[in-house]
Amino acid sequence: LCELEMYLPPSFFDIMVHLTVHLVREIKLCGPPFLRQMYPFERAMGQLKGLVRSRSRPEGSLVEGYDAEEIIGFYTDYVADVEPIGLSKPRHEGRLQGVGTIGYKLVRPDHDLMRAAHLKILQHLADVSPYVVRHLTELREKNPSRSETWVTKEHNRTFIRWFEDSVHSRPSDEDVSETVRWLAFGPESTVHTYQGFDMKKYAPAILRLD
């Protein structure tokens, strides 16, 4: 800091420059800054302070403003599918719908990569959650001496095949949703790609469709 003061005027050295000088030493002592930074909390507190409308009763004003934001957010999601009356539609609405134009090609991804993506999608679907729980339960009951780490690895390795057999072995009139039956067939082995994509007669964009 003293060496910098030889070249720069005193007005340059505010609190931020002082913090920068000590940043390397703090990283060595405490680790990366993103593991202990307060920026997200300070940003959240700044948003909460912006809700205060009455200086005489800041707590009550903050609560009322927060409740108003929560209620507006809830009703926005609740009436998302309702057609608005007297409101113009956004000019960007529907512009994400388009067709591929040039460079159409079929790509065959790696088999292990495709199975990993398929497993990740199945594990995040609400319709498949009962099957995930049942498969984990069966693995634990058949292998009581195994650890949870082994159960998780075995689940990741065998769930797709087990899921397919479990769904296809059921009669068609049994209570299995159409979505689950289609998911049990698995994804296609090829991926359709385009080098150019036309967004409803707008400027073409370079995209890749999976």
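Computed from the coordinates by the stated procedures, all read-outs in this text should not be read as laboratory data. Keep in mind it's a predicted model, so treat the numbers as computed, not measured. Here Cβ is always computed from backbone atoms with ideal geometry, including for glycine, and neighbour counts include all displayed protein chains.
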Practice item. Compute the Cα gyration tensor for segment 112-198, then decide on rounded, prolate or oblate, letting a ≥ b ≥ c be the square roots of its eigenvalues: rounded whenever a/c is under 1.5, prolate when a/b is larger than b/c in the other cases, and oblate in all that remain. Key: oblate
Study note, to complete from the structure: Within segment 153-167, the residues whose backbone N lies under 18 Å from a label point placed 7 Å from the Cα of LEU119 along the Cα-to-Cβ direction are 153-166
Study note, to complete from the structure: Charge tally for neighbours of SER61 with beta carbon under 10 Å away, counting Lys, Arg as +1 and Asp, Glu as -1, is +1
Exercise for review: Please work out the Cα center distance from segment 6-63 to segment 147-190, rounded to the nearest Å.
Suggested key: 49
